[in-house]
Amino acid sequence: MEKLTDIIGIGVGPFNLSIAALLEQVPSLTSCFLEHKKSFIWHEGLMLPNTYMQTSYLKDLVTAVAPESPYSFIAYLVRNKKFYRFLNTEQKTITRAEFSDYLSWVSKQLNNVNFSQTVEDINFVGDQFVITTNQAQYQAKHICLGTGKSPYIPAEIKPYLGDNCFHASEIGLRNIDLTGKRVVLVGGGQTGADVFLNALRGNWGQPAQLDWVSRRANFQALDEAAFSNEYFMPRYVEQFYHLDEAVKQQEIRAQKLTSDGITSDALLAIYQELYDKFEVQKQRKWVRLLPHRTVSAMNNAVNGFNLIADNNLTGKDEHYAATVVILATGFESKIPACIKALTPMLDLSEGGLLQLDPNFRVKWTGNKDNHIYAVNAGLDSHGIADPQLSLMAWRSAKIINDLLPEPAFDLGENQHVIQWTNDDVEDNLEPINRVRNSVKNVVKSTVKSTSEIEMDSVDKATKDVMTEQVLSMV
Ligand SMILES: Cc1cc2nc3c(=O)[nH]c(=O)nc-3n(C[C@H](O)[C@H](O)[C@H](O)COP(=O)(O)OP(=O)(O)OC[C@H]3O[C@@H](n4cnc5c(N)ncnc54)[C@H](O)[C@@H]3O)c2cc1C
């Protein structure tokens, strides 16, 4: 058994990697991060050509809380001798391949990250967690779950999963050939767009037919407007946490396109490719764009599958023949299998998911001095920023601060633009109110002592009026 560590991270995607990188600045805490893969690759199955980040490269592992860190994206550019050439490209967003390379570069420098370690089981024994991997046993005072999300497969499609029906997250891991096939792609988010563009460009061979089915009302753009980006601010997340549960759900639904739309660049690339193929090259129309359709059933057919979709505009069923079905149907939160032994102590939500406190501690009934933290598990509690990279560094710093008697990272924020609630105003005034209250207390005690010595002849009511008049001037 390895010696007791302050915090052990389970899984090393970007989120736990960010904590691992920031912990290098905090020598008072021992840490260890365990990852199943042999080395760092970010969403390997979706590492397709021409895929770009949805977020700025400045929203990296560390910069937002520790710009001096040697693990920033800028440090990566400089250390890899490509800083000036990077600037010459004038890109606002980088490819996913480069972001993955940056993450991998950081992971190779960190002593607290261990690969080829599949966490199989976590128990709580005495006053510590015991973590069993395929290679060793570890003990930790606290753990941080960072195992990511699981591909979401609609129930009606599950029975048909196989070589010709699969989730898009596996597409880069399969040796697929779409030549001459009738392909139905389900799902109208960014992943759907990335797969569609690659299939349209014939990157997996020339399909006979390519149908892109989406439940959404159209192929909708990511809302990246300045005010929408205020949802990705620490203060917003902190306020969101305290809203009513029903209001939170309503806001998450309303903000769908802020977190889950398709980048305008990707939409334009698709549109231009369609124009070139069908208006300039005048190819036979082998593509159909099918928004506003909800897949309601699927069954086997002679040469593959038959998909049935409800057209939400006409209310009618439509049938689509497919030899290959690709599901870009998103990802869902699940409780990691390795914490099964802890489940009786977890305070789960009605939906059976982890519940978090404001500092990303999982609510549980175990020892109050041992914390289970979770990253990428707080959509319902902390809002749409939680599954995104935008506030990754801030959340990491918040978790590290929570582990320490004194904060290691300054998370104080400047004023912000939108006044979401009036509590916000009160909070902004808090430092002023604190000064005002202490001045008032000094005035009160001065008036009191003065009255005792020099104002004995004045009656109490008059003294009170005088005191109030002085206080109103403060
Ligand atoms: C294709 C794609 C592109 C995205 N692009 C963006 C973007 O541009 N901007 C943005 O803000 N967000 C983006 N996101 C959303 C989000 O930022 C990413 O999904 C991000 O990778 C989440 O990080 P994570 O650390 O929670 O999980 P993951 O990256 O999924 O990492 C989890 C890790 O845990 C490991 N693991 C799981 N179980 C175990 C176990 N039992 N033992 C050991 N290891 C285990 C896995 O091997 C994996 O490496 C994207 C998501 C996807 C799918």
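Take the residue pairs K92/K256; K38/K59; K149/K248; K181/K334 and return only those whose Cα atoms are more than 31 Å apart. Correct reply: K181/K334.
For the chain, a crude dipole built from +1 on the beta carbon of Lys and Arg and -1 on the beta carbon of Asp and Glu, taken about the Cα centre, is about 1720 debye to the nearest 20. Backbone geometry of the stretch 185-199 corresponds, through the Karplus equation with coefficients 6.51, -1.76 and 1.60 at θ = phi - 60°, to 3J(HN,Hα) couplings of 9, 10, x, x, x, 4, 5, x, 5, 5, 5, 4, 4, 5, 5 Hz, x marking Gly and Pro. Under the shape rule built on the C-alpha gyration tensor, where the axes satisfy a ≥ b ≥ c, the stretch 21-64 is oblate, since a/c reaches at least 1.5 while a/b does not exceed b/c.
Once the Cα atoms of helix 392-403 and of the chain are each reduced to a long axis, what angle between those two axes, in degrees from 0 to 90 to the nearest 10, is obtained? That helix lies at roughly 40 degrees to the long axis. Close amide-amide hydrogen proximity is noted between D121 and T132, each under 5 Å apart and 5 or more residues distant or on a separate chain (H modeled in the peptide plane; Pro and chain starts excluded).
Measuring between their Cα centroids, the stretch 174-197 and the stretch 68-122 lie 29 Å from each other. Along the charge dipole of the chain, Cβ charges K/R +1 and D/E -1, which of G45, L403, G351 sits furthest on the positive end? Going by the Cα projections, it comes out as G45. A Stokes-Einstein calculation at 37 °C with viscosity 0.692 mPa s, built on the Kirkwood radius of the chain over Cα pairs, returns a diffusion coefficient of 128 µm²/s. Annotation: amide H of A221 within the under-5 Å range of I262, sequence separation 5 or more or interchain, hydrogens built in the peptide plane. Relative contact order for the stretch 1-139: 33 percent, from Cα pairs under 8 Å spaced at least 6 residues apart, divided by residue count.
Neighbour counts of C-beta atoms inside 10 Å place D163, D357, D177 in the sequence D163, D177, D357, starting with the fewest.
Fewest-first ordering of I94, I74, I143 by other beta carbons within 10 Å of each residue's beta carbon gives I74, I94, I143. Per-residue ellipticity at 222 nm computed for the chain from its helices equals -9500 deg cm²/dmol, with DSSP H segments shorter than 4 residues left out and the rest contributing -39,500 (n - 2.57). Counting every other Cβ atom within 10 Å of each residue's Cβ, M298, M53 order from fewest to most as M53, M298. Find how many whole Å separate the alpha carbon centroid of the stretch 1-63 from the alpha carbon centroid of the stretch 229-248. Each part's Cα centre sits 25 Å from the other's.
For H142, the residues whose amide H sits under 5 Å from its own are I7, I8, ignoring neighbours fewer than 5 places away on the same chain, with H placed 1.01 Å from N.
For trypsin sites (Lys or Arg not before Pro), the sites in the stretch 217-322 that DSSP calls loop and that have at most 16 other Cβ atoms within 10 Å are K282, R284, K285, K316.
Just so you know, all these numbers are worked out from the coordinates, no wet-lab data involved. Source: prediction; values computed, not measured. Note that each Cβ is placed from the backbone with ideal geometry, even for glycine, and that neighbours are counted across all protein chains shown.
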